[in-house]
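Here, each number is a calculation from the coordinates, and none is a lab measurement. On a predicted model such as this, the values are computed, not experimentally measured, just so you know. All Cβ positions, glycine included, derive from the backbone under ideal geometry; neighbour counts span all protein chains shown.
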Amino acid sequence: MKTILVTGSNGLLGQKIIYALRNRSDVKCISTSRGENRMREKSGYIYESLDITDAQAIEELFLKYRPDSVINTAAMTNVDACETNRDDAWKMNVTAVDYLIDACKKIDAHLVHLSTDFVFDGRNGPYVETDEANPLSFYGHTKYEAEKRLMASGLHWAILRTIIIYGVLDDNSRSNVVLWAINSIRSKKTITVINDQFRSPTLAEDLADACISASLKKAEGIYHVSGMEVMNILDIVKIVAEFFDLDQQYIQPISSESLKQPAVRPPVTGFIIEKAVRELDYHPHTFIEGLSYLKKQLELVVK
């Protein structure tokens, strides 16, 4: 039996990983996040509160459970908040990764770390793993810096870069582009949507499966893990509206220049995912299939 420890388990990806691992006979699952456990199901895994910016707490917990592999999903991911609160972003996205690396070294644990398409400048997407990084935002800079530290660590590691994760949390407490579009338009609220940026939306369950595969295989190297389709963000929102039979008159296109967000975004990303398909058995849903999946989950949350 392998022991897998997951950080950030109260987040969307973290929850999906725990649900996929809980009650597996071949895995002992340690779920960690800051504060209390916010998952609906409490059985089939062990929960421990953990602040990954506390080096001593990490070391003590890792020595207690001695995980074979760690999946780090915890991060500060609000791109504009990272731009304006740089100390907090660095502490969460870089310093905490240093702490995880140090703790993993002491027990010879494999580390799976989540990164982002924002390490690229968006001039030459879609990207393969060997393309040169050139982040435009402080968020992208912190994520790339963490990648470099992991690559120089001497650990057994895998970095999974991803793009726009969507899905439903147990308590439906956090938003993403799909839920934001659904909830705003249903409330008859006009939303401004970027019309000059292109991304590949990624179903949280698909990404969770890739993380688990990387962990169990003790995969090494960088993997691009996202949805297959590269789409304009405006088109993503329009597809969501059409799928959920929502009135598109509330969708207002806007350019990146007009929106004037604190952080600069890469214009076109998207990934070539052939390496993940080949080495991690990664087979993502199409966006429409993912929306069907999400619709069923929303119905359960409403009940």
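Can you compute 3J(HN,Hα) from phi for each residue in the stretch 276-285, using the Karplus curve 6.51 cos²θ - 1.76 cosθ + 1.60 with θ = phi - 60°, rounded to whole Hz and x for Gly and Pro?
Rounded to whole hertz, the list is 5, 4, 6, 9, 10, 6, 8, 9, x, 5.
I'm checking a number: the convex hull volume of the Cα atoms of the stretch 187-236, normalised per residue, in Å³. What is it?
Taking only Cα atoms, the stretch 187-236 has a hull volume of 99 Å³ per residue.
Quick one: what are the phi-derived ³J(HN,Hα) couplings along the stretch 158-164, Karplus 6.51/-1.76/1.60 with θ = phi - 60°, whole Hz, x for glycine and proline?
Per residue, the Karplus-derived 3J(HN,Hα) values read 9, 10, 10, 7, 9, 9, 5 Hz.
Search the structure for amide H atoms under 5 Å from the amide H of ILE254, placed 1.01 Å from N in the peptide plane, and list their residues when 5 or more places away or on another chain.
Distant-sequence amide H within range of ILE254: VAL193, ILE194, ASN195.
Taking neighbour counts of Cβ atoms within 10 Å as a proxy for exposure, in what order, fewest first, do TRP90, TRP157 appear?
Lowest to highest Cβ neighbour count: TRP90, TRP157.
Compute the distance in nm between two label points, each set 7 Å from the Cα along the Cα-to-Cβ direction, one at GLU220 and one at THR286.
3.9 nm
Can you run the Rg to Rh ratio on the stretch 36-129? Use alpha carbon positions and the Kirkwood inverse-distance Rh.
For the stretch 36-129, the value is 1.02.
Calculate the spin-label point distance for LYS28 paired with ASP102, positioning each point 7 Å from the Cα along the beta-carbon direction, and give it in nanometres.
Each label point lies 7 Å from its Cα, and together they span 2.6 nm.
To test your reading of the geometry: what angle, between 0 and 90 degrees and rounded to tens, separates the Cα axis of helix 12-21 from the longest principal axis of the chain?
Between helix and principal axis, roughly 50 degrees.
Calculate, in nm to one decimal, what ILE272 and SER49 gain on full extension: separation in residues at 0.36 nm each, minus their alpha carbon distance.
So the extension gain works out to 76.7 nm.
So I have [x] 23.9, 75; [y] 19.9, 70; [z] 18.7, 57, and one of them is Rg and Dmax of the Cα atoms in Å calculated from this model. Which one is it?
[z]
Tell me, how many Å apart are the Cα centres for the stretch 236-263 and for the stretch 120-155?
First find each Cα centre; the distance between them is then 28 Å.
Taking the beta-carbon count within 10 Å as an exposure proxy, list THR73, THR84 from fewest neighbours to most.
Sorted ascending by nearby Cβ count, the order is THR84, THR73.
Report the one residue of ASN124, SER33, SER137 whose Cα lies farthest in the direction of the positive end of the charge dipole of the stretch 15-151 (charges on C-beta: Lys and Arg +1, Asp and Glu -1; origin at the Cα centre).
After comparing all options, I get SER33.
Could you work out the mean projected area of the convex hull around the alpha carbons of the stretch 195-303, in square nanometres to one decimal?
8.8 nm²
Note down the nm distance, to one decimal, between modelled labels 7 Å out along Cα→Cβ at GLN252 and at LEU300.
3.7 nm
Just to be sure I understand: of the beta bridges DSSP finds with both ends in the chain, what percent are antiparallel, rounded to 5?
Given both bridge residues lie in the chain, the antiparallel proportion sits at roughly 5 percent.
Quick one: HIS113, HIS141, HIS285, fewest Cβ neighbours within 10 Å first, how do they rank?
Listed from fewest to most nearby Cβ atoms, that is HIS285, HIS141, HIS113.
Scan the stretch 179-241 for GluC sites (Glu not before Pro) in coil per DSSP, keeping those whose Cβ has at most 14 other Cβ atoms within 10 Å, and list them by number.
Answer in residue order: GLU220.
As I understand it, the value is the acute angle between the Cα axis of helix 287-302 and the longest principal axis of the Cα atoms of the chain; what does it come to in degrees, rounded to 10?
Taking Cα atoms only, the helix is inclined about 80 degrees.
Kindly write out, for the stretch 198-204 in residue order, the coupling ³J(HN,Hα) from the Karplus curve 6.51 cos²θ - 1.76 cosθ + 1.60 (θ = phi - 60°), rounded to whole Hz, with x marking Gly and Pro.
10, 9, 10, x, 10, 5, 4
Kindly express, to the nearest 10 degrees and within the range 0 to 90, the angle between helix 233-243's C-alpha long axis and the longest C-alpha principal axis of the chain.
The angle comes out near 80 degrees.
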